[in-house]
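See structure below.
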Amino acid sequence: MKLTKLAAISTLAISVAGLTACNSMSPNTGEASQAPAGNQTVSDPAAEQAVSEMNVVQVAQSNADFSILVEAIQAAGLADALSNPDANFTVFAPTNEAFAEALEITGMSKEELFANKPLLTKLLGYHALNGEAPVYEADVQPGNITTLSQDTLTVTEQGQLQDENGRMANILQTDIEANNGVVHVIDTVLLPK
């Protein structure tokens with residue numbers, strides 16, 4: 001049971017990294033929502049194919065705007081779990097700017113957060129789901145969902161994510177496909193209680 005839960009949390013963390021990496025590099029597959037003005041997406045068909053062949057961790061690693069997320073995944077030891085080719089991850093990936101804001105709000109340095117592996121693993125697990133299939137934008141319904149960290153995340157009627165502390169995250173880009181899930185880019189690090 002403990003090993004299964006750890007694997008699930010690890011998977012979540014990797015998924016988050018993948019999602020985060022997709023923010024400015026993700027292709028427009030025709031099904032994905034367009035990023036708001038200011039965010040750039042890859043429109044090269046060759047790049048689209050390459051991204052969809054990557055796992056969620058590789059997607060994150062391919063984008064500099066997700067460097068903090070990638071560092072967090074590596075510090076938590078979740079890269080292998082999130083690279084599982086048989087998984088169906090849904091990752092809510094925060095950008096570097098979102099991580100910087102979260103560190104400021106919590107009063108922690110990046111080094112302090114990364115040194116606290118139980119906290120880091122819980123935080124990363126709060127940004128991922130692993131189910132029978134990845135959750136695409138068209139599948140999302142308002143309500144509560146249980147994340148890999150076994151905490152509750154709420155999808156609002158307006159399509160935002162609300163964490164257990166009442167903080168809201170906007171989804172900047174959706175449906176960035178990876179070979180083991182999907183990444184949705186968010187502008188806020190979600191904080192479980």
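The figures follow:
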item: Calculated FRET value between K193 and Q74, using beta carbons and R₀ = 25 Å, to 0.05; result: 0.45
item: Computed over the range 57-181, Cα set: Rg, Dmax in Å; result: 14.0, 38
item: Difference of contour (0.36 nm per residue) and Cα-Cα distance, T154 to Y136; result: 4.9 nm
item: Å² of accessible area per residue within the range 59-176, as computed with a 1.4 Å probe and no ligands counted; result: 46
item: Two-site label geometry, E97 and E164: point separation in nm, points 7 Å out along Cα→Cβ; result: 2.8
item: Percent accessible area from carbon and sulfur atoms, the range 74-193, protein chains only, probe 1.4 Å; result: 46
item: Farthest toward positive dipole pole in the range 152-193 [+1 Lys/Arg, -1 Asp/Glu at C-beta], among Q162, N180, L191; result: L191
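The values are calculated or read from the model by the stated rules, or taken from the named source; none is laboratory data. Since we're looking at a predicted model, the values are computed, not measured. Backbone-built Cβ (ideal geometry, glycine too); neighbour counts: all protein chains shown. Ligands, DNA and RNA are stripped out before the accessible areas are found, and what is left, the full protein with its side chains, is counted by its heavy atoms. Shrake-Rupley method; radii C 1.70, N 1.55, O 1.52, S 1.80 Å.
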